[in-house]
Amino acid sequence: MKLKNHVILPLFLLVSIICVSECLAQDEVVSYTKVGQKIPAFSITDTAGKSMGTNDLKGKVALVNFWATWCAPCRTELPRLEKEVWLRFRSDDFAMVAIAREQFEKEITRFRDKVGFTFPIASDQNKEIYNLFGNAGIPRSYVVGPDGTILFQSSGYIEAEFDRMVKIIESEISKLKKSKTEGRIESGNR
């Protein structure tokens, strides 16, 4: 039985209206933070047993990332985080933690071991830390300055935004190193 165009078009419109209505009915993705604000206070223990929190980030440029093993955009972003951020910037001037939303430590450790990532990861199984930053959407990334100020934030993975984030990290680490060098020169002249 063939459907006539006069039946297909109204059916297509009806399905389209239902899909749009469903999308609009979903909660809006909201960020509870803004660039220029202080990062929300948190503390978490990574899978290696190392505690990390806002106090540990002071004096460093830091990247806090939220992700999940089942998240396709996260799986695209994670290899770039390893290669272009962690391996490139890892130093006393840089800190990073990738916090897995709603996942158990065993799951994320198995995933990390399988794919070979070396950056610190932690489990936020009940979204206690995640909920300080937003209500939905991963991956989420936050670049934090040495004074605890959010310098960059993004939700979702967009290649151009990731590239911008890397440039901000690079610039901020450069400023931090320059500041430290100038501080040593000034203290040596006294």
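The values are calculated or read from the model by the stated rules, or taken from the named source; none is laboratory data. These numbers were taken from a predicted model, which means no experiment stands behind them. Note that we place each Cβ from the backbone using ideal geometry, even for glycine, and neighbour counts take in every protein chain shown. The accessibility values were calculated without ligands, DNA or RNA, using every heavy atom of the protein model including side chains. Shrake-Rupley method; radii C 1.70, N 1.55, O 1.52, S 1.80 Å.
Structural remarks
- For Ile121, nonlocal amide neighbours, meaning residues 5 or more places apart or on other chains whose placed amide H falls under 5 Å from its own, are Thr47, Ala48, Ala98.
- For Lys38, nonlocal amide neighbours, meaning residues 5 or more places apart or on other chains whose placed amide H falls under 5 Å from its own, are Ile150.
- Solvent accessible area, Å² - Arg75, 1.4 Å probe, full protein context: 130
- Highest average first, the peptides 77-89, 48-60 ordered by how many other beta carbon atoms sit within 10 Å of their residues are 77-89, 48-60.
- Projected area averaged over orientations for region 58-111, convex hull of C-alpha atoms, nm²: 4.1
- Region 87-103 - phi-based ³J(HN,Hα) in whole Hz, Karplus 6.51/-1.76/1.60, Gly and Pro as x: 5, 7, 9, 3, 5, 5, 8, 9, 10, 8, 9, 10, 9, 7, 7, 6, 9
- To the nearest 10, the accessible area of Arg112 is 50 Å² with a 1.4 Å probe.
- Note on Tyr157: accessible area is roughly 50 Å² with a 1.4 Å probe, heavy atoms of protein only.
- Here the dipole of region 34-107 is about 220 debye; that uses its Cα centre as origin and unit charges on the Cβ of Lys and Arg (positive) and Asp and Glu (negative).
- Cα shape, region 58-155, gyration tensor, a/c 1.5 rule: oblate
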